[in-house]
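Report on the structure given below.
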Amino acid sequence: MRQSKYFLKTSKTISAEDVSVNARLLEQGGFVQKVMAGVYDFLPLGLRVLSKIENIVREEMDKIGSEMFMPVLHPKENWEKTGRWSGLDVLFKVKSQHGYEYALGPTHEEIVTPAAQSVINSYKDLPLAVYQIQTKFRDEPRAKSGLLRGREFRMKDLYSFHATAEDLEDYYNNIAMPAYESVYNRLGLDALLTEASGGTFSKYSHEYQVEIENGEDTIYICEKCRKLAKNKEIFEEGAECTNCGKTTWRETKASEAGNIFKLQDKYSKAFNLQYTAQDGSKKPVLMGCYGIGTTRAMGIIVEKFHDDKGIIWPEAVAPFKAHLLALKGAEAAADKIYQSLLDNKVEVLYDDRDQSAGAKFADSDLFGIPYRVLVSAKTALQESVEIKKRNSAESELIKINELKKLFTI
């Protein structure tokens, strides 16, 4: 993609309301554009990142469930059945010109549960799992943390259906948890399994928390095993780690990258979702819910991976693999390299603009693309390019014909 033709402009200014790192860098870098508090346009550069995050999530969820797509607009009566029409304070409510009332979905239990009635009849139909990646709406009272807390955002929510508590427990621990670990490993995030309140459903639910300097949550990490943490809301001094049994904890700030919890029969009872057991009796289906905020994950990655010059994207989610910079006098050589990279299926953003070297370097650092490929008149004479990794201070000269090997083509 030629940068001169791309829908992209960097900026040095940002709204005084946006104090978070992710808001500042994503807006300045032209990844997103703020429409209003908690609502963003995802510009082409940002959409590439979000799509890569969602593709990773989709690939891992496809291993444990089937994908579907549910509506944003929900009938009021579904939310009345569960008591959440009046009981959920962040619910957006919409009244049509015809007098009907609707909810804008903040989550989809009220839709997926009745949908399952046409699929689940017998114990032979269970277990079953379905997921979607969808836009959600929540009327958050405060939306000042960029992508970390939005009023409109993207989320993957998966729902599992089970005949027994044992089967729900097995899916939760041995299928969902490993899938989540794979997602976060691929995103480059060291997400800690964190115990949180289970509310009316169970003793614990679980969050996946990423330790960051400006995190909105306080968690306590087990210093012994470093595999489990507790949310501040349920933490008691002297509590034992449920993983290793030790009582040594470290307090830190973190941001929630996902959560999972057992819904039990709360929603199946509300919608009379039952299955016929082996003995012929009717029993309520047990459910689990598993969420990952994909736009939120994008914000967390920026909070975790940046320096004073800009973003440092993990390669798996970077908008492009390489950022090709042409300095004055090297345009013809850079054009040939650009075409060669495209021919070899390398994702490349080509800065072909008539700008100073300093402006191009500054934008490249801000974008955070893993490899900067610099072509100058001097390197062109040597049939070389200067390669610099975004997370390294060092650069090196390599021959143009070795670029293929570098990008593992």
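Tabulated values for the structure
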item	result
Among residues of the range 108-125, those that are touching a residue at least 24 places away in the same chain (Cβ under 8 Å) and in contact with a Leu (Cβ under 9 Å, 6 or more places away or on another chain), counted	6
Only one of 207, 233 that is surrounded by fewer than 14 Cβ atoms within 10 Å (Cβ to Cβ) and either touching a residue at least 12 places away in the same chain (Cβ under 8 Å) or not assigned by TED's automatic domain parsing to the domain that holds residue 146 (or both)	233
Positions within the range 236-275 being farther than 25 Å from residue 148 by Cβ, in contact with a Gly (Cβ under 6 Å, 6 or more places away or on another chain) and without any contact (Cβ under 8 Å) to a residue 60 or more places away in the chain, in sequence order	247
Pairs with Cβ under 7 Å, 6+ apart, first in the range 59-79 and in the same structural domain as residue 91 (by TED's automatic domain parsing), second in a loop (DSSP other than H, G, I, E, B)	70/108; 72/105; 74/105
Scope the range 33-49; condition surrounded by fewer than 21 Cβ atoms within 10 Å (Cβ to Cβ) and in a helix (DSSP H, G or I); matching residues	44, 47, 48
The range 19-44, residues that are in contact with a strand residue (DSSP E or B) (Cβ under 8 Å, 6 or more places away or on another chain) and more than 24 Å from residue 214 (Cα to Cα)	43
Meets criteria (over 18 Å from residue 37 (Cα atoms) and in contact with an Asp or Glu (Cβ under 8 Å, 6 or more places away or on another chain)) for residue 159	yes
Hits in the range 279-329 - residues which are within 24 Å of residue 1 (Cα to Cα), of a type in the set (Phe, Trp, Tyr) and touching a strand residue (DSSP E or B) at 6+ places or on another chain (Cβ under 7 Å)	320
Residue 377 vs. criteria among the aliphatic types (A, V, I, L, M), touching a Gly at 6+ places or on another chain (Cβ under 8 Å) and farther than 19 Å from residue 6 by Cα	yes
Residue 177, sole failed condition from (1) buried (at least 23 other Cβ atoms within 10 Å of the Cβ); (2) in a helix (DSSP H, G or I)	(1)
Residue pairs meeting the criteria (Cβ under 6 Å; at least 6 apart or on separate chains; first within 15 Å of residue 318 (Cβ to Cβ), in the range 340-356; second part of a loop (DSSP other than H, G, I, E, B))	346/321; 346/407; 347/320; 347/321; 348/320; 349/1; 349/320
Residues of the range 1-32 satisfying the condition of being more than 17 Å from residue 324 (Cα to Cα), within 19 Å of the chain's Cα centre (by Cα) and not in a helix (DSSP H, G or I)	20, 30, 31, 32
Wholly enclosed strands (runs of 3 or more DSSP E) of the range 294-409 bearing at least 2 residues at negative phi, surrounded by fewer than 20 Cβ atoms within 10 Å (Cβ to Cβ) and outside the structural domain of residue 56 (by TED's automatic domain parsing)	384-389, 395-399
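The values are calculated or read from the model by the stated rules, or taken from the named source; none is laboratory data. What you are looking at is a predicted structure, and each value in this text was computed from that prediction instead of being measured. In this analysis, Cβ positions are derived from the backbone assuming ideal geometry, glycine residues included, and neighbour counts consider all displayed protein chains.
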